[in-house]
Amino acid sequence: MSLKVLIVGSGGREHALVKAVKKSPLLGSLECAPGNGGIARDCQCVPISADDVDSLAKYALSGAFDLVISGPEVPLSMGLADRLRAEGIAVYGPNRDGAMLEASKAFSKDFMKRHSVPTAAGEKFSDFSKAEKYIREAPFETVIKASGLAAGKGVIIPSNRDEAVSAARDMLEGGLFGDSGREIVVEEKMDGEEASIMLMVCGKDYVMLPASQDHKRVGEGDTGLNTGGMGAYAPAAVATPEILERVRAEIVKPTLEGLAKEGIDYRGTLYVGIMITKSGPKVVEFNVRFGDPECQVLMPLLESDALKLMYDIARGKLDAASVKISGGYSAIVVVCAKGYPGSYKKGDMITLPEDKDIPPSSWIIHAGTKADGGKILTAGGRVLGLVGCAPTLKGALEKAYNLADSVKFEGAFFRRDIGHRELNRNA
Ligand code: AMP
Ligand code: GLY
């Protein structure tokens, strides 16, 4: 087999997917749209943006690709997979109907209720006065969520009921988050530790990748503003074997059965964000793609052929029992541009170690970079992700931090405490 593959997206997640797919003996040729500075060193990049679904579909058809892998959720929610499947191209990523689990938190909440999937109690609203009444009278503190896609920013965790009411008003009547906030979900504030569970799903069959945890706050000790993710590690021991068994039985089973019952033929990643509460694991959110930066730590732990796995799933057949996953640890440290997640400068030159100087089981993943002649320049807030794998978390972090110390650009910064919860747990 010699597969012609197109990966859609431009971040660290897509660079990790490119590297994983490139290891496969089944790969014939690989392209990425639009890619970034590091991806351009690993495969050909095509200048089509990930939300230009028309151009992507045309390009994939005219190029007779065998498989299209979507990194981000936006093209999926715009129907990229539907269009390609209708033309006979295999796609790793769900159709529009499945992508609704992420694109509409209202749909997702109703879906979980219909299929008795444990999640925070809550309701959807498009009328402010009804939302206010619910917030004031609920027997619990609430969080307010814009229903639509909001690039991970659409959730407000108020510290009291007045703040919750204001957040609901800002979204429903003040245009906060635009169209994404015209409908909101008001739900019970849950307490507990979070973990991300990534499933590679083919209908009712699935592979569960090791549980991971990301670090969303910009500052050490989990302080400061929310970001797209400053680091991550896997496996996360907070998701004990008992918890994972409960996740399989109480969350994954009814979810996949529910999708099938509703006629949704789901093929792709299902990201289950869970909160481990006193009464067990509950769903915080579903995403319909790999997490970023979680993908970057999971791909190196996948010992089986990632391309074969995604191609099989895309064609509706998955032999989950044959999939091999490493028993080791993986960690990523994200190096950001000064000012992120606020405004930051772009176009600074990045100095990187030469390939021959990168130690084994260590990877430089590009997120916000672009190639300019022979140089690599900063082009985003999260610039690089440095990944290390080792038999212990400490070893994995050491490798990631050694690499993080070896990359240079003006104003580069990163958190020194990635994995702190896990290290303290093990201490
Ligand atoms: P989401 O986009 O739904 O994952 O929400 C973003 C973040 O908000 C989550 O990772 C949690 O940290 C927090 N969050 C969301 N829903 C809740 C909830 N019901 N209770 C407490 N925290 C929540
Ligand atoms: N790391 C969180 C996400 O990808 O949504």
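Derivation of every value follows stated rules applied to the coordinates shown; laboratory data play no part. What you see is a predicted model, and the numbers here were worked out from it, not measured in a lab. Cβ placement follows ideal geometry from the backbone for every residue including glycine, while neighbour counts extend to all protein chains displayed.
When +1 charges are put on Lys and Arg Cβ atoms and -1 charges on Asp and Glu Cβ atoms, the dipole computed for the range 14-64 relative to its Cα centre reaches about 320 debye. ³J(HN,Hα) across the range 141-153 via Karplus (A = 6.51, B = -1.76, C = 1.60, θ = phi - 60°), whole Hz, x for Gly/Pro? Listing the rounded values in order: 6, 10, 10, 10, 10, 5, 5, x, 5, 9, 6, x, 10 Hz.
Listed values for the range 333-347 are Karplus-derived 3J(HN,Hα) couplings in whole Hz (6.51 cos²θ - 1.76 cosθ + 1.60, θ = phi - 60°), namely 10, 9, 9, 10, 8, 3, x, 4, x, x, 7, 8, 7, 10, x, and x replaces Gly and Pro. Considering only alpha-carbon pairs that sit under 8 angstrom and 6 or more positions apart, the relative contact order computed for the range 152-210 is 18 percent. When only the Cβ of Lys, Arg, Asp and Glu is charged (+1, +1, -1, -1), the dipole of the chain relative to its Cα centre reaches about 340 debye. With the highest mean first, a sort of the peptides 50-58, 152-160 on other beta-carbon atoms found within 10 angstrom per residue produces 50-58, 152-160. Counting only residues at least eight positions apart within a chain, or on another chain, the aspartates and glutamates with an alpha carbon under 18 Å from that of Lys346 are Asp372, Glu410. Comparing Gly28, Val46, Val5 along the charge dipole axis of the range 1-79, the residue lying farthest to the positive side is Gly28, per the Cβ-charge model.
Please say if the range 316-380 is rounded, prolate or oblate, where rounded means a/c under 1.5 for a ≥ b ≥ c the square roots of the C-alpha gyration tensor eigenvalues, and otherwise the choice is prolate for a/b larger than b/c and oblate otherwise? Because a/c hits 1.5 or more and a/b exceeds b/c, the range 316-380 counts as prolate. Comparing mean-square fluctuations of Leu301, Leu403, Leu176 from a GNM of the chain with C-alpha springs under 10 Å, the top value falls on Leu176. Considering only the Cα atoms of the range 179-313, their convex hull presents on average a projected area of 9.9 nm². Computed over the range 253-397, the Cα gyration tensor eigenvalues convert (square root of 5λ each) into semi-axes of 33, 20, 18 Å, ordered from largest to smallest.
Pairs over the 20 Å Cα-Cα cut-off, from the set Lys113/Lys189; Lys22/Lys399; Lys58/Lys317; Lys113/Lys253; Lys58/Lys308; Lys109/Lys130: Lys22/Lys399; Lys58/Lys317; Lys58/Lys308. Here the range 74-139 is treated as an ellipsoid with the same Cα gyration tensor; its semi-axes, largest first and in whole Å, are 33, 13, 7. Computed from point charges on the beta carbon alone (+1 for Lys and Arg, -1 for Asp and Glu), the dipole magnitude for the range 218-373 about its Cα centre is near 320 Debye.
Over the range 85-234, what is the relative contact order in percent, taking alpha-carbon pairs closer than 8 angstrom and at least six residues apart? For the range 85-234, the relative contact order is 19 percent. Considering every alpha-carbon pair of the chain, the percent of pairs per 10 Å bin, from zero through the bin containing the longest distance, is 5, 22, 32, 28, 12, 1, 0.
Here Lys324 is the anchor, and the aspartates and glutamates within straight C-alpha reach of less than 13 Å, apart from those fewer than 8 places off in the same chain, are Glu303, Asp305.
Computed over the range 279-359, the convex hull of the alpha-carbon atoms projects to a mean area of 10.2 nm². Taking 0.36 nm per residue of separation and subtracting the Cα-Cα distance, full extension of the segment from Lys317 to Arg217 would add 32.1 nm. If I take all pairs of Cα atoms in the range 25-144, what percentage of them are more than 24 Å from each other? In whole percent, the share of Cα-Cα pairs in the range 25-144 beyond 24 Å is 46. Using C-alpha pairs below 8 Å separated by at least 6 residues, the relative contact order for the range 111-170 is 28 percent. If you take the alpha carbon atoms of the range 41-94 and fit the smallest convex hull around them, that volume is 83 Å³ per residue. Share of pairwise Cα-Cα distances greater than 14 Å in the range 254-308 is 68 percent (whole percent).
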